[in-house]
Amino acid sequence: MSIRRPSLPTLILLVRYLLVLAVVAFAVYYLQSQWDEVSEAISTISALSIVVSFLVLLLGLAAGTMSWVSLLNGLGPRVTVPRAAQVMLVGQLGKYVPGSVWSYLLQMELGRQYGISRPRVLISSLYVAGIGVVSSLVLGGLALPTVLRGHRELLWLFPLLPIGLICLHPRVMTAVADVVLRIFRRPPLDHVVSSRAVAQSLLWSVASYLLYGFHLWLLVNSLIDPSLKSLILLTGAMSLGFSAGLFAFIFPSGVGVREAVLIGAMTVLVTVPQATALSVVSRVMFTVADLVAAGGAVLIVMVLRRAHVEPPVVEDPTLTESTHRP
């Protein structure tokens, strides 16, 4: 009696599910390893501040997701927001595995499962990472006085801003996309990425960092009197922390790097132990929010699929939101 070997598509699907389970396991492990320290810090923060801060954090994740979706739909046939959100949110859990390449790999595999080409997903993720650096550095200027006082090592990030602004030009972005496609041995784009898609992605990215700063401000306000000055400072520090953490790709989700920036900024407002505790609480809240958002996106797609309202994605070289090259 012969044993039937699984087909290649079945093996690929199995690997995708195993990869998803692996990155979720890493995220849960990170959450569990930090819980003792976090539970003690949470006792000093009001329950209302934690709840509202978490809800604001979820809104920030939603805005960041829309930044990615806007650019994805500027590079090809329209993908529904729930489906694209699932690819982005579940895929980004790969950042909890040391080496951020896992996030890109998982997003590409999830996108392929829905008929979105791997190069298109990768280009979208790389573009959004660059757009995130630009928007975070623009807002990071709000914390520049603190940087000059105690974190001069972060000044090297700011020369990246003019470079990033140049790279936001649609023709420059298109040229970068062509290079990536050439690596994948795919033909170059026959279009210029639309200015509208770039602008939408940038605005959503700025909104996400503003919400992340507001999230941290709500936590700090449990210990001090609220003020507009502290909101501006913490928004700038949170934005800079994300940029610094992005370049520390060897650490899971840039852990430790973002916290160092936040602690340095918060010590202007609270004591060092309090700042340390708040930074850890914020980090764990981000992890919980990532898991909740990814799970919610999967659930919504499952419901829509059962209701037969999720149209299939068919890759086509003709883009709906693009300008053809002359």
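The values are calculated or read from the model by the stated rules, or taken from the named source; none is laboratory data. Everything numeric in this text was worked out from a predicted model, so none of it was measured. We place every Cβ from the backbone using ideal geometry, glycine too, and count neighbours over all the protein chains shown. Accessible surface is based on the protein model in full, side chains and every heavy atom, while ligands, DNA and RNA are left aside. Shrake-Rupley method; radii C 1.70, N 1.55, O 1.52, S 1.80 Å.
The table below lists the values:
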read-out: Close pairs (7 angstrom Cβ cut-off, 6 or more residues apart or separate chains): in a helix (DSSP H, G or I) in the range 165-182, of a type in the set (S, T, N, Q) anywhere; value: Pro170/Ser194; Pro170/Ser195
read-out: Selection from the range 68-97 of residues that are of a type in the set (Ser, Thr, Tyr) and within 15 Å of Gly295 (Cβ to Cβ); value: Tyr96
read-out: Within the range 212-234, considering residues that are part of a helix (DSSP H, G or I) and surrounded by fewer than 22 Cβ atoms within 10 Å (Cβ to Cβ), the one nearest to the chain's Cα centre (by Cα); value: Phe214
read-out: Residue check for Val56: more than 22 Å from Arg283 (Cα to Cα), open to solvent by less than 50 Å² (accessible area, probe 1.4 Å), modelled with pLDDT of 90 or more and in a helix (DSSP H, G or I); value: no
read-out: Flag for Val292 being open to solvent by 30 Å² or more (accessible area, probe 1.4 Å) and within 18 Å of the chain's Cα centre (by Cα); value: yes
